[in-house]
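J.: Just passing along the structure, written as structure tokens.
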Amino acid sequence: MKVVITEYLRIDTESEVWECRCCSNALGNARENYKHGLLVHDRNPREVHPPKLDPDRYEYNFAPDPEWCRILEYYCPHCGVMVEAEYTVPGAKPLHDLELDIDSLKRRAAEFVAEGEDMQDASLPIPDPREHLGHSHDHGHHHHGKGAH
Ligand SMILES: [Zn+2]
């Protein structure tokens, strides 16, 4: 069963891997930090939040100081969608912000199957418009909103 965790991430409870919800590719072991399977862009925060005052004239210009703040952007290596962005200090390791009890998740997923419920993709919209081009490598997958009812 594929259980939605965030807008961009889900877990396949049978294979115990993280998957990208945009392209359905595997991102790595679900018992480890999903960020291990993503590309990281270590960005200067001033590119993301440009100074509002002339930095040559003012030391404090409403932009984060790159000596104290970095923005780590995490991308799916298969489809390039940005999965997560993290504000951190320079040189810090990626935050392990989603550590799930996979055994408990599998038990709960099995219970949902027993009750005839379907947790797959829940009601969250797929964020990438390319999804609508109609590819799916996911057998037994339900159709999304194509007005088939
Ligand atoms: Zn992807």
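Any read-out appearing in this document is the output of simple, stated calculations on the displayed coordinates, not a laboratory observation. No experiment lies behind these values; they were computed from the predicted model shown. Every residue, glycine among them, receives a Cβ derived from its backbone with ideal geometry; neighbour counts consider all protein chains shown.
J.: Please give the length that would be gained between H41 and D103 if that part of the chain were fully extended, namely 0.36 nm times their separation in residues minus their C-alpha to C-alpha distance (nm, one decimal).
T.: Length gained between H41 and D103: 19.1 nm.
J.: Using the Karplus equation 6.51 cos²θ - 1.76 cosθ + 1.60 (θ = phi - 60°), what ³J(HN,Hα) coupling, rounded to whole Hz, does each residue of the stretch 51-60 give in order, writing x for Gly and Pro?
T.: x, 8, 10, 4, x, 6, 9, 10, 6, 9
J.: Which whole-Hz ³J(HN,Hα) couplings does the stretch 25-32 yield from phi under the Karplus relation 6.51 cos²θ - 1.76 cosθ + 1.60, θ = phi - 60°, glycine and proline marked x?
T.: Karplus-based 3J(HN,Hα) across the stretch 25-32 equals 7, 6, 10, x, 4, 5, 8, 10 Hz.
J.: To continue, here is another question. Among K35, K106, K52, which comes first, second and so on when ranked by fewest other beta-carbon atoms within 10 Å?
T.: The order, fewest Cβ neighbours first, is K52, K106, K35.
J.: If we count other beta carbons within 10 Å of each Cβ, what is the order of M1, M82, fewest first?
T.: Lowest count first: M82, M1.
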